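**Student:** Pasting a structure below so you can have a look.
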Amino acid sequence: LQGRRPRSHEELHQRQDLFASLAAVISTPVALLVLLSALLHAGWNCLLKASPDRLLDTVGLAVAGSLLSACLLPFLPLPAPASLPWLGATIIVHVAYFLGLVETYRDNDLSLAYPLMRGIAPVLVALCMAALGEPLGTGGVLGVVLIGIGITLPSWFALRQRACGNSRRWYAAGNAVIIAAYTVIDGIGVRLSESATSYTLWLFFLDAWGILAIGVWRRGGSLATHLRRRWAPAVAGSLLSVGSYGIVLWAMSVASIPAVAALRESSVVFATLLGHYLLKEPMGQWRLMGALFVALGAVLLRWG
């Protein structure tokens, strides 16, 4: 059904009704793929946090993703015209997201800033999609709430005690709003696109040029030298980023958007572990408790 264009207005309405009635419960294969996406997403965020120059490495990641997408786009159909306004809007939002990441990670731990960003977002997504006619069931609502609490709890305690940089700690909260915005936009856009793969690759192909323009404006001649020296992390990060978001957009085309958004944010568990074992960040009791809340919320989303 998703692979071809509707032949009549009646079929179009049937397709829209199908999307509107997607169950909040995620099937096991989709849930496992979303968890894989969560691991990939935490991985490229760990690479960015560990970077000696986050702005230029963000540019490198975006450009590498754009080149990768350009190699694949000739073999794919164009997204359906109905999705193009959503694609245009999300490109702008994604540029803001990447710039927000650079500022967020400047003096905040990955295992604190990342959960704060990702914890607020699924709750906002669930509220937006409920307003648009795609509410979660009781189990799904409880799952979103528990995931939100589990993801956010360690960060709020850290904010009170010191571990997030005072000057930039609110970048994480602001980025959560941006994450929620592009999740809703892309969830709708990918359903209208008739090709999740094409929509994803066009997004990564186009948003890189805004990020590149900002990198050239702010850093000028040092950009080319940096990209030649750091091409390997750029390629690795782009593969993780494109793979992660491609899985999520596909999942949102076959399952409930708020449920997928909430389960994907279990990436905070992976980010906490990567931050502790690779970046040598502390893992206190609040971070462990938060991970348990996330796990319980994920179970409720799966079976609720």
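**Student:** Need one number: nm distance between label points at Leu36 and Leu67, each 7 Å from Cα along Cα→Cβ, rounded to one decimal.
**Tutor:** In this crude label model, Leu36 to Leu67 measures out at 2.6 nm.
**Student:** If I model a spin label at Ala236 and Leu127 as a point 7 Å from the Cα along the Cα→Cβ vector, what separation in nanometres do I get?
**Tutor:** So the two model labels end up 3.8 nm from each other.
**Student:** Counting only heavy atoms of protein chains, what accessible area per residue, in Å², does the stretch 69-124 have with a probe of 1.4 Å? Show your work: numbers first, answer last.
**Tutor:** On the way: 2010 Å² over 56 residues.
With all protein chains present, the stretch 69-124 gives 36 Å² per residue.
**Student:** Continuing with this model, one more query. How much of the accessible area of the stretch 163-294, probe 1.4 Å, is carbon plus sulfur, in whole percent?
**Tutor:** Details: 3720 of 5290 Å².
After summing per-atom areas, the C and S share lands at 70 percent.
**Student:** Amide H of Asn108: which non-local residues (sequence gap of 5 or more, or other chain) have their own amide H closer than 5 Å, using H built in the peptide plane?
**Tutor:** Residues meeting the amide H criterion: Gly165.
**Student:** Multiply the residue separation of Asp107 and Val254 by 0.36 nm, subtract the distance between their alpha-carbon atoms, and state the gained length in nm to one decimal.
**Tutor:** Working: separation 147, 0.36 × 147 = 52.92 nm, distance 3.82 nm.
Extra length available between Asp107 and Val254 comes to 49.1 nm.
**Student:** Another question, then. For the pair Arg229 and Leu279, how long in nm is the line joining their label points, each one 7 Å along Cα→Cβ?
**Tutor:** Rounded to a tenth, the inter-label distance reads 2.2 nm.
The values are calculated or read from the model by the stated rules, or taken from the named source; none is laboratory data. Predicted, not measured: the structure shown is a model, and the values here were computed from it. Virtual Cβ from ideal backbone geometry, glycine too; neighbours counted across all protein chains shown. All accessible areas refer to the heavy atoms of the entire protein, side chains included, with ligands and DNA or RNA removed. Shrake-Rupley method; radii C 1.70, N 1.55, O 1.52, S 1.80 Å.
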